[in-house]
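Visitor: Handing you a structure now.
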Amino acid sequence: MNSNALAPSASVATPPQRAVRPGSSMALEGGGAIQVPGRAAPSGGAEGLSVTASGMAAAGGAAAEPELEPPRRGPAEGEEAAAAELAAELAARRSAEARRLVLSPRRLWGPLPAGLSQWFPALEVLDVSGTGLAELGEELLALPRLHTLLAKNNRLGGPGSLPKALGQAPLGRSLRVLNLSGNRFAELPPALLGLRGLQSLSLGGNRLHGIPPDIQELRSLEFLYLGGNFITSIPPELANLPSLSSLVLCDNKIQSIPPQLAQLHSLRSLSLHNNLLTYLPREILNLVHLEELSLRGNPLVVRFVRDLTYNPPSLQELAGRTIKTRNVPYAPSDLPENLVRYLSLASNCPNPKCGGVYFDSCVRQIKFVDFCGKYRIPLMHYLCSPECSSPCSSASQSSTSQSESDSEDEASVAARRMQKVLLG
């Protein structure tokens, strides 16, 4: 079981970018591709969706130009000047065939330049990450072919950050990937709930305190990244996303998992590490397609890992074990009442090959049980001594059929006496 499930691979990542001074600030890729001087075009991951009209990238950016130090301006004046420079660049490099546009880091406020949709009518991928935008503006609605919007590490999150008509515009049907991680959203923007065709949504590293029940409206969602926020609970409505296969809720303040989450039958990766979970619902065993689970850094894991110690049995327990395992006969009148009560508290060792008992002293052990033939569920169970090992331990390399048979028998025992602890 992978304890680092999903973290790097499931997110929409971009290669590190070198800061670019104003004046050399745009990368355009597509049929008439233009490359920022001195900056390599990003590729790979979800950003590697660049499609060129001719099937190959055409060089339009010419040779590298020397970077000149811009004149010093005040903050507001500098932002206005940067926006004007950007608009001039885009207008000068317009392309009816370009499908991918990447704006390099700069200090903007927003919105996107008016005329963007006229200069690049075939645009499918737009990356404005690290540009400092605080709003995207209505111009975004005029890009009917856009299917990927990357706007990470900006200043989005205030009123008007996203166009209110986002879901009603043609963009509401065409947009498939939206990455708004590293911004300032305190709540999920209502405008996003109209994006019925959205398949991937990333809002990691924001200021979210909750997940609205209306998230169930995003019926096409397959990947949801909400890690690194301040979320305390998960709404049961999240289980009404039939296509969701990857759910990342790590690094939040979540204290419990709703049992309805077991209805996510398409879920293959679940990341819940570094939260405040103290227990998990039994229904989580119904996630039959789950392949990756991460639960490290939660109290349920920390507590049991800390308690994985063995205290030697007392003389009283040793005597009690001898009486119970050797079936020494005794009558209640033969022993003090407290010892009779003590002997009645004996627990059988779950190892069927052992036959021993224990009272207060036992060995806590994590046991991985096969689930649906391909996923191993870690269970906490108790053995009478360190010498007593499970017949089908986590390191066992026995055959699949034998493992499944043993696992079923031991799972029935665990249902009565073992507490489930999913470690990840």
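Bear in mind these aren't lab numbers, they're just calculated from the coordinates by the rules spelled out. Values in this document were obtained by computation on a predicted structure and should not be read as measured data. Neighbour counts run over all protein chains shown; Cβ positions are idealised from the backbone, glycine included.
Visitor: For segment 159-299, just the Cα set please: Rg and Dmax, both in angstrom.
Guide: 14.6, 46
Visitor: Say each of Arg296 and Val328 gets a label point 7 Å from the Cα, pointing the same way as Cα to Cβ; how far apart are those two points in nm?
Guide: Reported label-point gap for Arg296 and Val328 is 4.7 nm.
Visitor: Using 16 Å as the cut-off for backbone N distance, which residues of segment 336-358 belong to the label zone defined by a point 7 Å from the Cα of Gln316 along Cα→Cβ?
Guide: Residues passing the 16 Å test: 336-347, 358.
Visitor: Would you give the gap between the C-alpha center of segment 152-210 and the C-alpha center of segment 79-139, rounded to a whole Å?
Guide: What the calculation gives is 18 Å, centre to centre.
Visitor: Order the peptides 195-201, 262-268 from the highest to the lowest mean number of other Cβ atoms within 10 Å of their residues.
Guide: Values: 195-201: 20.0, 262-268: 17.9.
Most protected by this proxy first, the peptides run 195-201, 262-268.
Visitor: Which ³J(HN,Hα) values, rounded to whole Hz and listed in residue order, are derived for segment 256-265 from phi using the Karplus coefficients 6.51, -1.76 and 1.60 in 6.51 cos²θ - 1.76 cosθ + 1.60 with θ = phi - 60°, glycine and proline given as x?
Guide: Residue by residue, segment 256-265 yields 8, 10, x, x, 4, 4, 5, 7, 7, 5 Hz.
Visitor: If I model a spin label at Ser361 and Arg155 as a point 7 Å from the Cα along the Cα→Cβ vector, what separation in nanometres do I get?
Guide: For the pair Ser361/Arg155, the computed spacing is 6.6 nm.
Visitor: At 0.36 nm per residue, and after removing the present C-alpha to C-alpha distance, how many nm does the segment from Glu80 to Ala92 gain when stretched out fully? Could you put the intermediate results ahead of the total?
Guide: On the way: separation 12, 0.36 × 12 = 4.32 nm, distance 1.83 nm.
Gain in length upon complete extension: 2.5 nm.
Visitor: Give me the number: length gained by fully extending Leu335 to Val288, i.e. 0.36 nm times residue separation minus the C-alpha to C-alpha distance, one decimal in nm. Numbers along the way, then the final one.
Guide: On the way: separation 47, 0.36 × 47 = 16.92 nm, distance 5.15 nm.
Contour length minus the Cα-Cα distance gives 11.8 nm.
Visitor: OK, next. Return the sequence-ordered ³J(HN,Hα) values of segment 206-216 in whole Hz as given by the Karplus equation 6.51 cos²θ - 1.76 cosθ + 1.60 applied to θ = phi - 60°, using x for Gly and Pro.
Guide: 10, 10, 5, 10, x, 10, x, x, 5, 4, 5
Visitor: In whole Hz, what ³J(HN,Hα) sequence does segment 138-152 give by Karplus (6.51, -1.76, 1.60; θ = phi - 60°), x for Gly and Pro?
Guide: Values per residue, Gly and Pro as x: 5, 4, 4, 5, 8, 10, x, 9, 5, 10, 9, 10, 10, 9, 6 Hz.
Visitor: Between Gln260 and Ala191, what is the label-to-label distance in nm when each label sits 7 Å out along the Cα-to-Cβ direction?
Guide: It is 2.8 nm.
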